[in-house]
Every structure is written in C-alpha cells, then in structure tokens.
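Where a number appears in this text, it was derived from the coordinates with a stated rule and is not lab data. Predicted, not measured: the structure shown is a model, and the values here were computed from it.
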Amino acid sequence: MGAEPEGEEESPFDSKGDPRVHFVMNLILSSIFAYIVLWGLDLIGALEFSTLRLVLGTIILMGLTQVLVLSD
C-alpha cells in the first residue's frame with residue numbers, strides 16, 4: 001500500500017514459488033502420467049508393465065519437464 005510505488009502492485013503471477021513444491025508436483029504428475037502410459041501399453045500388449053519401467057519413465061519425464069521449464 002504505502003511502501004509500493006504507484007502503479008507497481010505485486011501480482012501473484014510474479015512469484016516463482018517454492019521449488020520444493022514444484023519438485024513434488026512434478027514428481028506426482030510425472031509418475032501418474034508414466035503409470036497411465038505404461039498401463040495403456042501393457043493393455044494393448046506392446047510393453048509389459050514393471051516398477052522399474054515406471055521409475056525410469058518418471059525420471060525421464062521429470063528431467064524433460066525441468067529442461068523445458070528452466071529453458072526460459
């Protein structure tokens with residue numbers, strides 16, 4: 001209010017957020033997506049579902065997400 005210059009209000013979209021929250025959200029969403037893809041591939045018989053493939057798929061998706069997000 002009084003401390004901010006006129007016309008320069010802080011927007012909630014200006015905040016980068018907590019990187020730990022970003023990491024956990026990335027982990028959860030990447031693992032869900034990898035699970036769905038592997039389940040679908042197992043359903044059609046293209047690839048057998050395994051925990052190792054789920055972990056590797058999650059790590060690859062998390063890495064790709066980090067590269068794309070930090071490429072600004």
Take the stretch 27-69, drop everything but the C-alpha atoms, weight them equally and run the Debye formula without solvent; then report log10 I(q)/I(0) at 0.14 Å⁻¹ to two decimals.
-0.30
Work out, step by step, the length gained on full extension between Ser71 and Ile44: first 0.36 nm times the residue separation, then minus their alpha carbon distance; give nm to one decimal.
6.2 nm
